[in-house]
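**Student:** Quick one: structure below, then a few questions.
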Amino acid sequence: MRPFTYVRPGDAAEAVAAAAAPDAAYLGGGTNLVDLMRLGVATPGTLVDVTRVAGDEIEELPGGEVRVGAAVRNADLAGHPLIRRRYPMLAQAVVAGASGQIRNMATVAGNLLQRTRCPYFQDVTKPCNKRNPGSGCPARDGEHRDLAVLGHSAACVATHPSDMAVAMAALGAVVHVAGADGPRALPLPGLHRLPGDHPERDTLLRPGDLITAVDLPVLPMAARSRYRKVRDRASFAFAVVSVAAALEVDHGSGGPVVRDCRLALGGVAHTPWRAEAAETALRGGPATEEAFARAAGAELAAARPLPGNAFKVPLARNLIVRTLAGLVEGSS
Amino acid sequence: MTTTAAPAVGSALPRVDGLDKVTGRARYAFEHTPRDALYAAPVQATIARGEVDRVDATEALRRPGVVAVVWHANAPRLAPADDAELAVLQSPRVAYRGQYVAVVLAETPHEAREAARLLHVEYTAEPHDVELRADHPKMYRPAQVNAGYATDEEHGDPDAALAAAPVVVDATYTTPAEHNNPMEPHATVAEWHSGGLVLHDSTQGASALRRTLAALFGMPPEQVRVIARHVGGGFGSKGRAHPHVVLAALAAKQVGRPVKLAVTRQQMFAVTGYRTPTVQRVRLGAEPDGRLAAIVHEAFEQSSTIAEFAEQTTVPTRMMYAAPHRRTCHRLVRLDVPTPSWMRAPGETPGMFALESAMDELAAACGVDPVELRVRNEPATDPATGLPFSSRNLVACLREGARRFGWAGRDPRPGVRREGRLLVGTGVAASTYPAYRAPSAASVTAGPDGDFVVRIAATDIGTGARTALTQIAADALGTAPGRVRLEIGDSDLPRATVAGGSMGTASWGTAVVRACHALVAELDRHAGRVPAGGLTAEADTGEEIRGQEKLARHAFGAQFAEVAVDADTGETRVRRLLGVFAAGRIINPVTARSQFLGGMTMGLSMALLEESVMDREFGDYLNHDLAQYHLAAHADVPDVQACWVAEDDPHLNPMGSKGIGEIGIVGTAAAIANAVHHATGVRVRDLPIRLERLLEHLP
C-alpha cells in the first residue's frame, strides 16, 4: 500500500484541521478503510485517527433522545441496554452485520461511511465509476447479483452495505457533523446520496467533515421493531435484502389498523432505503397481509432490477410482508 | 524391545504436534527467513489473452528498498516444462488473466507490494473466450482423464436399454468452479547455495516437488531440497507445483539472494488451481421397481489453453451401481482461463453430485425409498472391472445411517412438512472413493536409549498424518507411541508419495510398517541389543504395491441431511448432517472424525455457498477473496456427525485402512440438494443452491 502519515489529534477541532490535507482520511476501526488501502482502492496520504476524539459514549439526552458517540464500537452499540430496549431493530441490525471480531473494532461513524462491496469497485485492475469516475461500470452488464434494484443510475448500481444504517434510516436518526464551517446536522436517510452522475460521492459530507455523534429520536413504537436480514450464509455475509420495520397497531373491533410505521430496506440501493411510499400506504390502513403486500408493491413499483438481481424485488416484497405480519402478531 | 498391552492403532492418541501448533512452535513455510532474504511481490496479467509488450520498471525501481524487477525479458531460462503452467516468465504470452508476468523483489514485503502496484506493464490484448458451454464448438475428447482413467467407457447397449426402459430420468446438472482455499495460503522461501536449491514450501508432496523443480532448473534431484514440516491445509491445491514456487526459485537465482514469496488470497484464485466447472447430463433407465438397466453419464469441463487437466467426473459412475448397460464420458474445452487442478475428491465430488441427485429423481419417479433404491442396485462385483471388491459396505452404511438418522417411516412426499414459515425435508446420498496406494520408502532407526526415529518424506497437511504414522510405527515396533519420533516433511528423507488421493496413510504406513518389521528382524539378529551408533532399517514398497492382488478397492459412505427452507426468502439452512463410512480400519478415531467432518462441511459449503464467478468481460474469477467467495461459517454447520461401520479388509495394506481425507465431501452436496427437494418440491440441479434458485418456485 501507499506509504501514509498517521496522526492522532487531541480533539475534534484538531482532527478537522488535520483533515484539511487534500488526501487525508479519518480512521475509525479501520475494518473497511484498511482493507481498501491494502487493495489500493483507497490511497490516503494522511490517516487522522479519530477513535479518541469522536465520542465513545451512549447517553440519554434531556429530551429523551439517545446520543451515540461516533466512535462507539458496533459491539457496544448492539449490547447497550438503552438500544436493546428502545430500538431492538437497531441492536438486531448491528448484530446481523459482519463478525464478532469486526464489530469489536468497527465504529458507528465508520459503519455509516463504509464503501460498497461491489466487486468491480474493489478491484483496481477494472473500471469503476465510483473508484475512477468516467471509467465505466462493468457491473451493469457483468456480475450484479448483489447490487441495486432501486435508485441506481447508468453510472453506478452499487449498494450501501451497512445493516446498522438501515435501522437508523428507519428510525430517522440525526447525524451530527463537525466541519470546517462549524457543526451541522443531517437526518438519516439524508446523509447518503443516490449515485446519479457522481457515484464517487457516497454522502453529502464535505471534505474534512467529521461525524461526531448520531442521535436516535424518541420513538415509542420502535420498542417493538425488527430487523430481518436475508443472506446467503448464516453469518458474516452482507444482506441480499434486509428490512428494518417498526409498527404501531390499533386493535379495534374492525380488525387491526396501522396507526404508524417505519420501514427501511437494505441491500437494494446506493443508500439505506427508507420506504416512504410503503409507509404512506400503510398508515391508517388495515394491518393485514394483503395491505402489507399492496404497500410493498407501492414501494417496489420504482424498482428497476437488472437481469441478475430481478429476484430481489419479490424477495423484498416477501420480506416486508412477513416482517410486518410478525410485528402484528407480536402486538396483539 | 518393550511390549505394550494395547495397540496404538485405533486409539485416540492426541495429535503429537498439537502442542507445537497451538503454541506457535510449529513453523510453516513463510516463517522461515534466511539471512538477506528479499520479499517477492508477483505481478499478474490484467488481460486474459495476448502478449506482454513491455515492462517499464523505472518508477518501481526508484521506490525505496526495491532491488529488482524480473520479467520474461530478463528472467533466467528454464528447461522445457512438462506442465506449461510452470514455464514461468519464459515467454511474453499471456494465457489467462492473473498469470504471473513479472515479480518485484524488495527488502520488505510492503516495499515490494507498493512497487508491484506501480509497475507499468504494456500488453497487446486478444479477444478471449472464458465461458464453458456443453455445446462449445471446441469441445474435444482428451486422451485420458485425471489419475489415468479412460476418457470414455461403454458396456452393453445403453441407448437401446434407455429406449426400452419403463422409467427414465434424463437431467442436466451443473457445478460451478470452486477454489480450494486452505487456511494457509501457498508460500515459498527459496534459497540457492553452492549450486543447490533449498525450498521451504507449503506443499503436499516434498519428494514430487523436488523432482519437478530439479527438472525445470536442469539439476539432479539431490541438489534440490524441499522442506514442508507443517502445512496449513491444501485440499489438493498444494499437491503439485504451481507457478509461484518456480517464480520464487527463479527470482532467487536471478538476484543471488534468498526470496520469500507469499501468495495472496486473491492470487490464489488464478494461480494455484481450482475445481473445473462441470455440465453433466445423466440418463438413468430403470424397471418400475428401480432396478437400473442403463446409466449414461456425460461430463463437459474446461481447462486452460496451456495445460490439460481433465477431471474424472464420471469415473465413479463406472463402479457405483449394477446397471448392465453403461456409458460414461468426458469432453473438455480449452479456454482462456486459469488452469484447473485437484480439489478434494476430484471426479467423485462433482460427479457424485449429479449421479446421486439423479438417483433421488429416480427414487421419486419409481416411488421407491431412496435408501432402498440404492440397496437394490448394489453390484456383486465391480461393474467397471469385473473384479471382486476387497470389501464393499455401502449397504451397511446406508442401513446404519438410516437407523441413526431416524429415516424409517419418512413420508416421501415433497413440500408437505411445515414448521411455521419453514419447509423441512430430508435427503440421502451415497459416497465412494478409491483406496489407492503409491510406492514410498521409509527408514527407522533404533537408538541405544530404546527410542525410535522414523524417517519418511510424508507430509502432514493438517490431517493428523504425523500422529497416525506414530501409532502405526509403535505397533509395528511393539513399543509405545511415546518412544517413536517421526521425521517427515523433507525431501532429503526417504522418498514418499504426495498427501493426495486419500492415499497418504495407506502408502506411507505400508513403508513404515515394512521398515519397522525389517528393524525388528535386525534387532533380533543383534539379540535385542542396539549398537552404540544405533541400528537402521529401510524399506521401499515399490515392488509390493506393483505386485498386489488385483481387486477393486474403494471406501464407501452414506450422507443424510435435514434442511429447513424459508418459504418467504428461499434461504436454505442445514439442520443436521450425518455421515456413515466404511473405510477399513480407523487408525485414530479423533483425527479420522475430523477428516470426515471437514469433508462433510466442505460438501455443505459446496451445496449452498461456494461458487467462483467468472467475469466474462475480463476473464478472471471475480469474487477472489473470502468476503465474496462464501465458505460455510460456523453458524451454517450446527449439527454435523460422522461415524463408521466396522470393516475388516485384509486386502488393503498392513494397517487394513482405506483413505478418509476425501470421501466426506463426496455425497454431501447431493444429500443436501435431495433434502431441499424433499422440503420444497423444487429440484435444484445447479449448484450452489442459492435462494433465487428456489424463490420463485416455492409454495
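Every read-out reported here was derived from the displayed coordinates using simple, explicitly stated rules and does not represent laboratory data. Keep in mind that what you see is a predicted model, and the values were worked out from it rather than measured. Cβ placement follows ideal geometry from the backbone for every residue including glycine, while neighbour counts extend to all protein chains displayed.
**Student:** Let me know the mean shielding of B:564-573 by other chains, meaning the per-residue number of their Cβ atoms within 10 Å of its Cβ.
**Tutor:** Values: counts 0, 0, 4, 2, 12, 11, 6, 8, 1, 2.
Neighbouring Cβ atoms belonging to other protein chains average 5 per residue here.
**Student:** Quick check on packing: order B:574-584, B:518-528 by the mean number of other C-beta atoms within 10 Å, highest mean leading.
**Tutor:** Top to bottom by mean Cβ count within 10 Å: B:574-584, B:518-528.
**Student:** Which of the peptides A:148-159, B:401-412 is most tightly packed, and how do the rest follow, going by the mean number of other Cβ atoms within 10 Å of each residue?
**Tutor:** In decreasing order of mean packing, A:148-159, B:401-412 become A:148-159, B:401-412.
**Student:** Moving to a separate point now. How many Cβ atoms of partner chains, on average, are near each residue of A:230-242 if near means within 10 Å of its Cβ?
**Tutor:** Taking the mean over all residues of the peptide, I get 6.
**Student:** Here's another thing I want to ask about it. Just the number, please: percent antiparallel of the DSSP beta bridges in the stretch B:162-247, rounded to the nearest 5.
**Tutor:** 60
**Student:** So, one more: Which value, in debye to the nearest 20, describes the size of the charge dipole of the stretch A:220-331 about its Cα centre when Lys and Arg Cβ atoms bear +1, Asp and Glu Cβ atoms bear -1, and nothing else is charged?
**Tutor:** With only Lys, Arg, Asp and Glu charged at Cβ, the dipole is about 420 debye.
**Student:** Can you work out ³J(HN,Hα) from phi for every residue in the stretch B:278-295, in order, using Karplus 6.51 cos²θ - 1.76 cosθ + 1.60 and θ = phi - 60°, giving whole Hz and x for Gly and Pro?
**Tutor:** Karplus values, whole Hz, x for Gly and Pro: 10, 10, 10, 9, 10, 10, 10, x, 9, 6, x, 7, x, 6, 6, 9, 8, 10.
**Student:** Sorted from fewest to most neighbouring beta carbons within 10 Å, what does the list B:Lys550, B:Lys238, A:Lys126, B:Lys658 look like?
**Tutor:** Ordered from fewest to most neighbouring Cβ atoms within 10 Å, B:Lys550, B:Lys238, A:Lys126, B:Lys658 come out as B:Lys550, A:Lys126, B:Lys658, B:Lys238.
**Student:** When the Karplus curve 6.51 cos²θ - 1.76 cosθ + 1.60 is applied with θ = phi - 60°, which whole-Hz ³J(HN,Hα) does each residue of the stretch B:595-612 get, with x for Gly and Pro?
**Tutor:** 5, 5, 4, x, x, 5, 5, 5, x, 4, 4, 5, 5, 10, 10, 6, 6, 8
**Student:** Would you mind ranking B:Arg399, A:Arg304, A:Arg228 by Cβ crowding within 10 Å, fewest neighbours first? Could you put the intermediate results ahead of the total?
**Tutor:** Details: B:Arg399 17, A:Arg304 11, A:Arg228 22.
The fewest-first ordering by Cβ neighbours comes to A:Arg304, B:Arg399, A:Arg228.
**Student:** Excluding same-chain residues fewer than 8 positions from B:Lys253, which aspartates and glutamates have a Cα within less than 14 Å of its Cα?
**Tutor:** Straight-line reach from B:Lys253, under 14 Å: B:Asp36, B:Glu191.
**Student:** I would also like to ask the following. Going down the table (B:Lys21/B:Lys260; A:Lys130/B:Lys260; A:Lys130/B:Lys238), which pairs top 28 Å between alpha carbons?
**Tutor:** Beyond 28 Å between Cα atoms: A:Lys130/B:Lys260; A:Lys130/B:Lys238.
**Student:** Which whole number gives the average count of other chain Cβ atoms within 10 Å of the Cβ atoms across peptide A:307-315?
**Tutor:** If you average over the peptide's residues, the count of other-chain Cβ atoms is 3.
**Student:** Counting other beta carbons within 10 Å of each Cβ, put B:Met320, B:Met343, B:Met183, A:Met221 in order, fewest first.
**Tutor:** B:Met183, A:Met221, B:Met343, B:Met320
**Student:** Restrict the search to the stretch B:44-129; then list the trypsin sites (Lys or Arg not before Pro) that DSSP places in a loop and that have at most 16 other Cβ atoms within 10 Å of their Cβ. Could you put the intermediate results ahead of the total?
**Tutor:** On the way: sites: B:Arg49, B:Arg54, B:Arg62, B:Arg77, B:Arg93, B:Arg97, B:Arg113, B:Arg117; in loops: B:Arg49, B:Arg77, B:Arg97.
Qualifying residues, ordered by number: B:Arg77.
**Student:** What does the helix-only formula give at 222 nm for chain B: each DSSP H stretch with n ≥ 4 adding -39500 (n - 2.57), the total divided by the residues, and the result rounded to the nearest 500 deg cm²/dmol?
**Tutor:** -7500 deg cm²/dmol
**Student:** I've got another one for you. If you take the square roots of the eigenvalues of the alpha-carbon gyration tensor of chain B and sort them as a ≥ b ≥ c, do you get rounded (a/c under 1.5), prolate (a/b over b/c) or oblate?
**Tutor:** oblate
**Student:** How do B:674-685, A:32-43 rank on mean C-beta neighbours within 10 Å, highest first?
**Tutor:** Per-residue mean Cβ counts within 10 Å order the peptides as B:674-685, A:32-43.
**Student:** Okay, next question. Amide H of A:Arg2 versus every other amide H placed in the peptide plane: which residues, excluding those fewer than 5 positions away on the same chain, fall under 5 Å?
**Tutor:** So A:Arg2 has HN proximity to no qualifying residue.
**Student:** Same structure again: Relative to the longest principal axis of the C-alpha atoms of chain A, give the angle of the C-alpha long axis of helix A:312-331, reported between 0 and 90° and rounded to the nearest 10°.
**Tutor:** Compared with the principal axis, the helix lies near 60 degrees.
**Student:** So if I place +1 on the C-beta of Lys and Arg and -1 on the C-beta of Asp and Glu, and nothing else carries charge, what would the dipole magnitude of the stretch A:276-332 be about its Cα centre? I want it in debye, nearest 20.
**Tutor:** Computed about the Cα centre, the dipole is about 220 debye.
**Student:** Check the straight Cα-Cα distances from A:Lys229 and name the lysines below 24 Å, setting aside those fewer than 8 residues away within the same chain.
**Tutor:** Partners found: A:Lys312.
**Student:** Over chain B, what is the relative contact order in percent, taking alpha-carbon pairs closer than 8 angstrom and at least six residues apart?
**Tutor:** Working: 1872 pairs, mean separation 117.6, N = 699.
About 17 percent, as a whole number.
**Student:** Just to confirm a number: summing +1 for Lys and Arg and -1 for Asp and Glu over residues other than B:Lys138 whose beta-carbon lies under 15 angstrom from that of B:Lys138, what do you get? Intermediate results must be reported in sequence, preceding the final value.
**Tutor:** Numbers: positive: B:Arg49, B:Arg133, B:Arg141, B:Arg331, B:Arg334; negative: B:Asp129, B:Glu131, B:Asp135, B:Glu301, B:Glu308, B:Asp336.
Value of the local net charge: -1.
**Student:** Another one. Taking 2.2 N^0.38 Å as the expected size of a compact globular protein, what ratio does the Cα radius of gyration of the protein assembly as shown give against it, to two decimals?
**Tutor:** The value comes to 1.00.
**Student:** Follow-up. Placing unit charges on C-beta atoms (Lys and Arg positive, Asp and Glu negative, everything else neutral), compute the dipole magnitude of chain B about its Cα centre in debye, rounded to 20.
**Tutor:** Here chain B has a charge dipole of around 1000 debye.
**Student:** In a shell of Cβ-Cβ distance under 10 Å around B:Ala307, excluding B:Ala307 itself, what net charge do Lys and Arg (+1) and Asp and Glu (-1) give?
**Tutor:** Around B:Ala307, the surrounding residues sum to -3.
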